[in-house]
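Q: I am attaching a structure below and will ask some questions about it afterwards.
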Amino acid sequence: MFCLDTYLRESEDYEIHMSRAGFKECAKFIEKNAKEFVRVKAGEKIVGARIIGIPPIPIGLDEVECTIMIPYTKPCYGTAVVEIPVETEEIQRIKTLAIK
């Protein structure tokens with residue numbers, strides 16, 4: 001099972017686009033900068049982490065690079081926009097969670 005907290009501590013294969021920001025700022029960043037994005041309900045599990053924030057929550061998708069861009073909130077640290085590599089199947093799974 002994938003654990004996002006552990007991945008971010010132990011890997012260098014990710015990019016932080018914003019940090020210590022508000023959720024609304026991070027959501028706007030994803031909507032503006034992701035190649036594609038979908039919106040999901042708060043509490044959906046994306047790469048092993050329940051995504052929290054003001055719904056609907058945007059998740060950025062890049063099928064060419066096989067990455068996703070998510071808002072990641074940590075208590076006392078605020079919200080960050082993190083882009084991480086994923087399998088193509090995870091991108092397809094996220095698309096099935098999209099709010100229509």
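The values are calculated or read from the model by the stated rules, or taken from the named source; none is laboratory data. No experiment lies behind these values; they were computed from the predicted model shown. Glycine gets a Cβ as well: all are built from the backbone with ideal geometry, and neighbour counts include every protein chain shown.
Q: Restricting to the range 63-82, count the residues that are of a type outside the set (D, E, K, R) and in a loop (DSSP other than H, G, I, E, B). Lay out the reasoning, then the answer.
A: First pass over the range 63-82, keeping only residues of a type outside the set (D, E, K, R): 64, 66-73, 75-82.
Imposing the further condition that a residue be in a loop (DSSP other than H, G, I, E, B) reduces the set to 64, 66, 75-77.
Summing the residues that are of a type outside the set (D, E, K, R) and in a loop (DSSP other than H, G, I, E, B) in the range 63-82 gives 5.
Q: Would you point out the residue of the range 81-100, among those that are in contact (Cβ under 8 Å) with a residue 24 or more places away in the chain and among the charged types (D, E, K, R), that is nearest to N33 (Cα to Cα)?
A: E83
Q: If you don't mind, another one. Of the residues G43, G78, G53, only one is surrounded by 14 or more Cβ atoms within 10 Å (Cβ to Cβ), on the phi > 0 side of the Ramachandran plot, free of Cβ contacts under 8 Å to residues at least 40 places away in the same chain and not β-branched (V, I, T); which?
A: G53
Q: Of (1) surrounded by 14 or more Cβ atoms within 10 Å (Cβ to Cβ); (2) at pLDDT below 95, F29 satisfies all except one. Which?
A: (2)
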